[in-house]
Amino acid sequence: MQLFVNTNYNFIKWRFAAIAFSIVWVLIGLAFYARRGVNWGIDFAGGANVVLRFRDAVPLDRLRADLADASIQQYGKAEDRAVLIRLPMQKREGDYAGLTVARLNRDLNPESATGKVDLNFRGRDQITDLLYTADPDRKGTIDAAKQYYSTIAQNVINKRSELGIFRSIDQATSAPGVTAGMAGVLRDKSFVGSFNVLNQETVGPQVGKELQGKAVWAVILSTLAMGAYLWLRFDVMFGGAAVVCIIHDICVSLAFLGIINGEASLNIVAALLLIVGFSINDTVVMYDRVRENRRKTKTRMPFEDQLNHAMNQTLSRTILTSGSVVIVLIALLLFGGKVIHEFAWILLIGVLAGTYSTITIVPAVAIAWNNVTGRKRDIAGPGSRARVEETPRSEAPTPRKRKAV
C-alpha cells in the first residue's frame, strides 16, 4: 500500500525552519522548568503515593489538616470520590505510606478504636478471624472451619472490589455465602469505614536517588548504542546525525513534559526509551535508501538531492508507520485511564518529533557535516568516475593505426 507515488517534495529547504521551531519549543519547556522546577515522581524523589476512595464526600479540609505537607488531588472522575495523596520525601527509610494510612484510619474512623473490624479497610485475614472466633455456623475449631470462613471472607472482599467501597453494612452481608448468622456477627462486630485504600506505595530516598542515576544512564547509553550501530552499518556521519536526531526528539518530549507539568517517573523513562528506538527506525530506512541509490544511479547527483530523493521514496512508509502508531496512542489517551495518560502523551509527542526530525533535522546535520568535512558524496554510476578521470576533456583519444596489407 502506498499513499504517495513518485513525489518530489523539497524537504531539505525546510530544515532551518524546523531547527528554529525545535529551539523555540525546547526554550519554552526550559522556561517552565525554571519557573516550576521538575515535577519528580516518587520513583525518583522518594516519598509515598496513596490513593483513597471515600464512602461519602471527600473530607478535603480534614485531609489537609492532617497532612499539611502533602499534595492532594482528585483521582479519576468526581463521582468516584477518590483522591491521590502525594507525600513528600522523608529522610529515613520505612513504610511511609502504611503509617500515613494507619493515622488517617484512626482520625477518620473512630469506631476502629472500639475493636470493631472496618470492612472497608481490613483485609481477608481480619474478617476471617472475626468469623472464625464467633463461629456463627457452629463449624468448630478444626482447620476446615477456618478454611470455610476464609472463603466467605474472600467473597466479602470480592464484593467490595466489585462495588469499589461498601456504603452500608447491607452491601457486605449480601456477599455470596454469607449466612444469617454471619450477617449478625458482621452487624454487631464490624462497620463500614469512611474510606478504603485503592493503592499505596513507598520509595525511600536512597532508592529514588539510585533510580534517577540509572534512568539517565539508560537513556544516554541507548542513544550512544544507536549511534554506534549506524556508524558501523553506514559511516560516522550518519551515526553522528542519528545521535543528534535522538537527542532532539528526547529534548522535545521532555520540553512538553515541562509545559504540562507532568510527573517525571519510570513510565516517562520507558516512553523515552521507546522514542529512542522509534526515532532511529525511519532514519535507518532513509539511510539505507541513500546507500541503495548510490549503487543504482548512473548519473551524478548532489548530496542534498540524494537525501531528498531517498525521503520521497520512503515518504509513504513513514506516514503509514507513524500514522498507525499515532492512532494507537490517541486511543490510549482517550481510553487508557489516568495511570498511563502522561506516558501516552510523551510517546505521542516523541513519535511526531521523530517523524519530522527524520526529514528535516537529520538531513540538516548530514549536510552540515558534509560541508565541513568537504567529503565528496555526489553519486556517479559504477566506473563512471574512473572513465572520466582516464579521459581528460581537453584531449581527444588517439586513433588506432591500421597495419598496411
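A few points about this structure:
- With contacts taken as Cα pairs under 8 Å at a separation of at least 6 residues, region 47-203 carries a relative contact order of 36 percent.
- For residue 67, residues with placed amide H under 5 Å, excluding near neighbours: none
- Working from Cα pairs under 8 Å separated by at least six residues, relative contact order for region 192-307 is 23 percent.
- For residue 40, the residues 5 or more places off, or on other chains, whose built amide H falls under 5 Å of its own are 264.
- Note: relative contact order over the chain, using C-alpha pairs below 8 Å and six or more positions apart, is 24 percent.
- Shown here for region 128-158: trypsin sites (Lys or Arg not before Pro) in loop regions (DSSP other than H, G, I, E, B) with at most 11 other Cβ atoms within 10 Å, namely 138.
- Other-chain or far-sequence residues with amide H under 5 Å of residue 199's (modelled H): 51
- With loop membership from DSSP and a limit of 13 other Cβ atoms within 10 Å, the longest segment of the chain without GluC sites (Glu not before Pro) is 94-394.
- Local charge for residue 334 was computed over the other residues whose Cβ lies under 15 Å away, with Lys and Arg +1 and Asp and Glu -1, and equals +1.
- Helical segments meeting 20 Å axial Cα length and Kyte-Doolittle 1.6 threshold in the chain (DSSP H): 236-259, 315-335
- Cα gyration tensor shape of region 47-203, rounded if a/c is under 1.5, else prolate or oblate by comparing a/b with b/c: prolate
- Cα Rg, Dmax, region 38-119, angstrom units: 13.7, 45
- For region 266-338, applying the loop criterion from DSSP together with a ceiling of 16 other beta carbons within 10 Å to the trypsin sites (Lys or Arg not before Pro) yields 298, 300.
- Net charge, residue 324 excluded, C-beta distance under 15 Å - Lys, Arg +1, Asp, Glu -1: 0
- Rounded to 5, percent antiparallel among DSSP beta bridges of the chain: 85 percent
- Structure-derived Cα extents along the principal axes in Å: which label, when the choices are [x] 94, 88, 43; [y] 132, 50, 34; [z] 67, 44, 39: [y]
- Within region 47-203: Cβ-based charge dipole about Cα centre, in debye rounded to nearest 20 (Lys, Arg +1; Asp, Glu -1): 80 debye
- Of 13/338; 116/338; 159/338; 146/338; 13/296, those spanning more than 32 Å from alpha-carbon to alpha-carbon: 13/338; 116/338; 146/338
- Cleavage-rule hits (trypsin sites (Lys or Arg not before Pro)) in region 11-84: DSSP loop, at most 13 neighbouring Cβ within 10 angstrom: 77
- Helix-only [θ]222 nm of the chain, DSSP H runs n ≥ 4, -39500 (n - 2.57) each, per residue, nearest 500: -20000 deg cm²/dmol
- Candidates 238, 16, 44, ranked by Gaussian network fluctuation over the chain, Cα under 10 Å, top entry: 16
- Cβ-defined net charge surrounding residue 234, 10 Å radius [Lys, Arg +1; Asp, Glu -1]: 0
None of the figures in this text is laboratory data; all of them are computed from the coordinates on show. Only a predicted model underlies this, so the values are computations on that prediction, with no experimental measurement involved. Here Cβ is always computed from backbone atoms with ideal geometry, including for glycine, and neighbour counts include all displayed protein chains.
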